[in-house]
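Visitor: Please find one structure pasted underneath; my questions will follow.
The values are calculated or read from the model by the stated rules, or taken from the named source; none is laboratory data. A quick note: this is a predicted structure, and the numbers were derived from the prediction, not measured. Cβ sites come from the backbone with ideal geometry, for glycine too, and all protein chains shown count toward neighbours.
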Amino acid sequence: MMPAIVALAAVAALRWIVQGTAAAPIAQVFGIVFAAAMFALFAATVPPLHDATGACDALSAAHLTAAGIGGIGLAALASLHALRSSVARRLTGASVLAVVLAAVLAAVLAVTYPACLGDPFVRLDSRLSTLWLSHVNEARSIASMLRDLPQEILPYYGLPVAALVLSCLQIARSSAGARWSWICGTAVLGSLFLLALWLVRGTTAANGVSVALLAAAVVRVLPPKKASTYFGLSRAALVAAVLLNPLAMLAIGAAIARGLEGATDTHRASSDSSGTCQRASDYRPLAILPKGLVLGFIDAGPFLLMQTPHTVLAAPYHRDVSGNTTMLDIFLAPVDEARQRLTEAGIDYVAFCPGSPERYNYSAAAPHGLAAALGRGDVPDFLIPVPLDGHNLAVYRARH
């Protein structure tokens with residue numbers, strides 16, 4: 001949500017530049033309240049023991065530092081009497097002071113919390129980045145989605161695009177008094193949409209904002225006539241409401257993908273293919289086995305934890321560096337070496353899904369590894385099959 005916060009601050013500053021004294025209280029109040037709210041949230045949710053911890057992916061002292069410098073700096077900027085005389089003076093002064101403020105903020109973070117200015121996945125094993133993270137939908141870019149999962153482009157990006165188009169139209173049509181509200185909402189959505197183009201995960205926030213913004217834009221851009229209203233909407237607004245919803249976009253996206261497949265004679269990937277062990281029920285049979293440590297693929301981790309009493313090494317959490325790396329070490333190791341690694345890790349069971357995309361990634365990376373052998377049906381003597389009729393998952397008991 002950081003891009004959204006930056007967009008809000010930018011709009012508050014821009015409005016002050018354009019309107020001067022009349023809008024100065026808006027920028028001042030936004031900056032002070034934002035900084036104060038962050039301090040209050042920090043005090044309420046972060047234990048005193050972790051006050052100085054600079055976690056980058058959770059509210060921490062690093063974010064508190066940025067909020068304090070940024071929020072109070074914006075309020076101070078809008079309070080400078082010397083910049084109130086003209087738009088040009090406010091623009092020049094704001095630009096210079098904004099650069100200085102940004103430099104100070106970057107310098108403070110670089111000295112105190114340098115990790116938060118870099119790659120959040122820098123601690124990941126390079127194999128995890130290549131074999132797992134690059135294939136996770138939410139970590140893809142829109143270019144990757146267009147190539148591999150075009151049927152999901154509309155469900156992910158359709159609402160934000162529609163909301164941006166209609167909101168921009170509403171900005172052009174609105175009165176001066178109402179325009180800034182639309183500029184603010186559109187700027188927030190635009191910043192989140194740019195993030196979503198780089199990282200699909202950003203579509204979660206972008207779609208959340210789009211729902212409210214799109215609904216408001218539809219009823220204003222397509223107002224009802226007194227003679228014909230349907231549920232309080234005009235006919236055009238009702239048609240837009242039917243088309244601009246996730247279910248319709250799922251159907252349209254799937255139809256477009258099928259058309260592309262027929263025209264190009266290619267098969268597109270699916271995020272929910274049968275036989276890939278992506279259902280919680282695939283892992284329920286393991287619950288009857290005595291509690292133990294399970295070696296499974298990364299995507300299997302949450303299902304195993306939810307459906308069984310077992311513990312797992314691997315799961316789709318980037319902080320689980322040790323467990324995920326150990327899982328890779330075992331599955332990619334030659335069969336003889338894998339036996340020793342299984343024993344050293346204290347593995348009780350191996351949960352292997354022959355149809356999982358991870359299995360194919362690991363088999364391609366290590367053709368002579370344990371995952372490749374199990375994929376071919378070559379089960380080594382140190383793994384004892386556990387019968388599970390009618391399930392895609394293959395389970396083995398480790399023999400130590």
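Visitor: If I ask for residues that are over 25 Å from Ser134 (Cα atoms) and either out of contact with any Ser or Thr (no Cβ under 8 Å at 6 or more places or on another chain) or not hydrophobic (A, V, I, L, M, F, W, C) (or both), which ones from the stretch 290-305 would you list? Before you say what the answer is, go through the steps one by one.
Guide: The first filter runs over the stretch 290-305 and keeps only residues over 25 Å from Ser134 (Cα atoms), leaving 290-293.
Matches in the stretch 290-305: Pro290, Lys291, Gly292.
Visitor: Select, from Leu388, Leu383, the only residue that is of a type outside the set (Val, Ile, Thr), modelled with pLDDT under 90, over 30 Å from the mean Cα position of the chain (by Cα) and within 18 Å of Ala300 (Cβ to Cβ). Step through it out loud before you land on a result.
Guide: Details: Leu383 fails: modelled with pLDDT under 90.
The match here is Leu388.
Visitor: Restrict the check to the stretch 182-196 and report whether at least one residue is over 29 Å from Gln19 (Cα atoms) and either β-branched (Val, Ile, Thr) or at pLDDT 80 or above (or both). Lay out the reasoning, then the answer.
Guide: Taking the stretch 182-196 first, the residues over 29 Å from Gln19 (Cα atoms) are 195-196.
If we keep only those that are either β-branched (Val, Ile, Thr) or at pLDDT 80 or above (or both) too, we end up with 195-196.
Scanning the stretch 182-196, I find at least one residue that is over 29 Å from Gln19 (Cα atoms) and either β-branched (Val, Ile, Thr) or at pLDDT 80 or above (or both), so the answer is yes.
Visitor: Assuming Met306 fulfils every condition listed in (1) over 27 Å from the mean Cα position of the chain (by Cα); (2) modelled with pLDDT of 90 or more; (3) surrounded by fewer than 15 Cβ atoms within 10 Å (Cβ to Cβ) apart from one, which condition is it?
Guide: (1)
Visitor: Please work out which residue is modelled with the highest pLDDT, limiting yourself to the stretch 223-245 and to residues that are of a type in the set (Gly, Ala, Ser) and in a loop (DSSP other than H, G, I, E, B). Walk me through it before giving the result.
Guide: Filtering the stretch 223-245 down to residues of a type in the set (Gly, Ala, Ser) leaves 227-228, 232, 234, 236-237, 240-241.
If we keep only those that are in a loop (DSSP other than H, G, I, E, B) too, we end up with 227, 232, 234.
On the way: Ala227: 57, Gly232: 74, Ser234: 79.
Out of the qualifying residues, it is Ser234.
Visitor: Anything in the stretch 127-146 that is surrounded by fewer than 13 Cβ atoms within 10 Å (Cβ to Cβ) and either touching a strand residue (DSSP E or B) at 6+ places or on another chain (Cβ under 9 Å) or within 30 Å of Ala212 (Cβ to Cβ) (or both)? List them, or say none. Full working, then the answer.
Guide: Quick first cut of the stretch 127-146, residues surrounded by fewer than 13 Cβ atoms within 10 Å (Cβ to Cβ) only: 134, 143, 146.
Answer for the stretch 127-146, where residues must be surrounded by fewer than 13 Cβ atoms within 10 Å (Cβ to Cβ) and either touching a strand residue (DSSP E or B) at 6+ places or on another chain (Cβ under 9 Å) or within 30 Å of Ala212 (Cβ to Cβ) (or both): Ala143, Leu146.
Visitor: Of these, Gln28, Gln19, which one is modelled with pLDDT under 90, among the polar types (S, T, N, Q) and assigned to a helix (DSSP H, G or I)? So that I can check it myself, show each step before the final result.
Guide: Numbers: Gln28 fails: modelled with pLDDT under 90.
Every option except Gln19 fails the conditions.
Visitor: Leu149 is checked against (1) surrounded by fewer than 22 Cβ atoms within 10 Å (Cβ to Cβ); (2) under 15 Å from Leu243 (Cα atoms) and fails just one. What number does that condition carry?
Guide: Going through (1) surrounded by fewer than 22 Cβ atoms within 10 Å (Cβ to Cβ); (2) under 15 Å from Leu243 (Cα atoms) one by one, Leu149 breaks only (2).
Visitor: Next up: Just the residues that are of a type in the set (Gly, Ala, Ser) and surrounded by fewer than 11 Cβ atoms within 10 Å (Cβ to Cβ), please, taken from the stretch 108-126. Spell out how you get there, then give the answer.
Guide: Here is the first cut: in the stretch 108-126, the ones of a type in the set (Gly, Ala, Ser) are 110, 115, 118, 126.
Gly118, Ser126, listed by residue number.
Visitor: So the check is Cβ under 9 Å with 6+ separation or different chains; which pairs have a first residue in the stretch 279-291 that's assigned by TED's automatic domain parsing to the domain that holds Val386 and a second one that's of a type in the set (D, E, K, R) and at pLDDT 90 or above?
Guide: Leu289/Asp348; Leu289/Arg397; Pro290/Asp348; Lys291/Asp348
Visitor: Additional query: In the stretch 322-344, which residue that is hydrophobic (A, V, I, L, M, F, W, C) and in a helix (DSSP H, G or I) is surrounded by the fewest Cβ atoms within 10 Å (Cβ to Cβ)? Walk me through how you get there before you give the answer.
Guide: Here is the first cut: in the stretch 322-344, the residues hydrophobic (A, V, I, L, M, F, W, C) are 327-328, 330-333, 335, 338, 342.
Adding the requirement that they be in a helix (DSSP H, G or I) leaves 327-328, 330-332, 335, 338, 342.
Values: Met327: 29, Leu328: 23, Ile330: 24, Phe331: 28, Leu332: 21, Val335: 18, Ala338: 25, Leu342: 22.
Only one residue tops the list, namely Val335.
Visitor: Still on this structure, I have one more. Only one residue in Leu8, Leu59, Leu105 is in a loop (DSSP other than H, G, I, E, B) and either under 29 Å from Val200 (Cβ atoms) or β-branched (Val, Ile, Thr) (or both), so which one is that?
Guide: On the way: Leu8 fails: in a loop (DSSP other than H, G, I, E, B); Leu105 fails: in a loop (DSSP other than H, G, I, E, B).
On inspection, the qualifying residue turns out to be Leu59.
Visitor: Can you say whether Thr92 is at pLDDT 85 or above, surrounded by fewer than 16 Cβ atoms within 10 Å (Cβ to Cβ) and in a helix (DSSP H, G or I), as far as the supplied structure shows?
Guide: On the way: at pLDDT 85 or above: yes; surrounded by fewer than 16 Cβ atoms within 10 Å (Cβ to Cβ): yes; in a helix (DSSP H, G or I): yes.
Judged against the criteria, Thr92 is a match.
Visitor: Sort through Thr65, Thr53 and tell me the only one that's among the polar types (S, T, N, Q), at pLDDT below 90, under 26 Å from Phe121 (Cβ atoms) and outside any helix (DSSP H, G or I). Give the steps one after another, and end with the answer.
Guide: On the way: Thr65 fails: outside any helix (DSSP H, G or I).
Residue meeting the stated conditions: Thr53.
Visitor: Given the conditions (1) within 25 Å of the chain's Cα centre (by Cα); (2) touching a residue at least 12 places away in the same chain (Cβ under 8 Å), which single one is not true for Leu74?
Guide: (1)
Visitor: Now, a different point. Find the residue count for the stretch 120-132, including only residues that are over 19 Å from Ile330 (Cβ atoms) and either within 15 Å of the chain's Cα centre (by Cα) or aromatic (Phe, Trp, Tyr) (or both).
Guide: If we filter the stretch 120-132 for residues that are over 19 Å from Ile330 (Cβ atoms), which is where we start, we get 120-123.
Right, trim to either within 15 Å of the chain's Cα centre (by Cα) or aromatic (Phe, Trp, Tyr) (or both) and you get 120-121.
Total meeting the criteria: 2.
Visitor: Cβ-Cβ distance below 6 Å, separation of 6 or more or different chains: which pairs start in the stretch 4-29 with a residue that is closer than 17 Å to Gly185 by Cβ and end on one that is in a helix (DSSP H, G or I) and among the polar types (S, T, N, Q)?
Guide: Ala4/Ser191; Ala7/Ser191
Visitor: Anything in the stretch 305-345 that is over 23 Å from Gly377 (Cβ atoms), in contact (Cβ under 8 Å) with a residue 12 or more places away in the chain and aliphatic (A, V, I, L, M)? List them, or say none.
Guide: Met306, Val312, Leu313, Ala315, Val321, Ala345
Visitor: Looking at the structure I just gave you, is Pro160 surrounded by 15 or more Cβ atoms within 10 Å (Cβ to Cβ), at pLDDT 90 or above and under 23 Å from the mean Cα position of the chain (by Cα)?
Guide: Values: surrounded by 15 or more Cβ atoms within 10 Å (Cβ to Cβ): yes; at pLDDT 90 or above: yes; under 23 Å from the mean Cα position of the chain (by Cα): yes.
The answer is yes for Pro160.
Visitor: Let me ask something additional. Just to be sure before I move on: is Tyr113 among the aromatic types (Phe, Trp, Tyr) and either under 18 Å from the mean Cα position of the chain (by Cα) or within 30 Å of Leu222 (Cα to Cα) (or both) in the structure I sent? Write out each step before concluding.
Guide: On the way: among the aromatic types (Phe, Trp, Tyr): yes; either under 18 Å from the mean Cα position of the chain (by Cα) or within 30 Å of Leu222 (Cα to Cα) (or both): no.
In short, no.
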